[in-house]
């Protein structure tokens with residue numbers, strides 16, 4: 001599977017370099033943006049697993065950038081982690097969450113913690129991509145057969161079921177890893193993935209011979 005893309009947004013090159021050093025161990029594609037405007041341009045053409053967004057930037061700051069991201073249908077569901085060197089207290093943090101952030105981290109941050117948080121969203125993104133692939137394959141087979149159940153032979157149905165089971169197993173393992181997580185954004189994204197998997201499994205089971 002193609003590597004996930006992670007968008008790093010900061011106006012200071014040294015901060016971008018530090019983020020790349022921290023996240024390089026994830027072995028994903030890291031994309032730089034030196035401003036909110038650059039970030040929005042990158043989001044027009046590429047899909048990202050997560051966005052790391054600096055709050056304090058000249059021109060369009062992180063809050064304004066996040067507002068634009070959340071207004072676009074294509075990008076509204078991408079998780080945003082705010083990074084800031086200034087802590088103005090609970091009000092400032094609340095503003096970050098109100099802007100659509102799933103997390104808010106103050107600099108200097110623990111590299112291991114940041115890498116672990118980003119890794120979770122990358123895993124969720126990969127599982128969602130796998131789910132979309134299985135759904136697309138199922139849809140193509142249904143269209144080829146005019147939407148009728150007989151179009152799906154036993155071998156093909158078994159192959160689809162096996163592929164879906166592999167994704168379900170990986171999602172279950174990720175769910176156990178996130179069990180008890182305090183991050184509401186991570187929990188909501190994981191729950192959304194579980195619902196989509198359950199829906200696809202029900203649709204697949206309904207196509208089995210003898211199903212109601």
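The values are calculated or read from the model by the stated rules, or taken from the named source; none is laboratory data. Not measured: the values here are computed from a predicted model. Here the Cβ is made from the backbone with ideal geometry for all residues, glycine too, and neighbour counts use every protein chain on show.
Some values worked out for this structure:
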item: Residue selected from the range 97-116 under the condition assigned to a helix (DSSP H, G or I) and touching a helix residue (DSSP H, G or I) at 6+ places or on another chain (Cβ under 8 Å), by the criterion farthest from residue 49 (Cα to Cα); result: 111
item: Test: residue in the range 46-58 that is in contact with a strand residue (DSSP E or B) (Cβ under 9 Å, 6 or more places away or on another chain), assigned to a helix (DSSP H, G or I) and either at pLDDT 95 or above or within 18 Å of residue 7 (Cα to Cα) (or both); result: no
item: Residue check for residue 188: at pLDDT below 70, under 30 Å from residue 62 (Cα atoms) and outside the structural domain of residue 82 (by TED's automatic domain parsing); result: yes
item: Residue 84 being farther than 19 Å from residue 18 by Cβ and either in contact with a strand residue (DSSP E or B) (Cβ under 9 Å, 6 or more places away or on another chain) or at pLDDT 90 or above (or both); result: no
item: Subset of the range 1-27 that is in a loop (DSSP other than H, G, I, E, B) and in contact with a helix residue (DSSP H, G or I) (Cβ under 6 Å, 6 or more places away or on another chain) - its residue that is farthest from residue 124 (Cα to Cα); result: 10
item: Hits in the range 33-45 (condition: surrounded by 13 or more Cβ atoms within 10 Å (Cβ to Cβ) and either modelled with pLDDT under 90 or more than 15 Å from the chain's Cα centre (by Cα) (or both)); result: 33, 34, 35, 36, 37, 38, 39, 40, 42
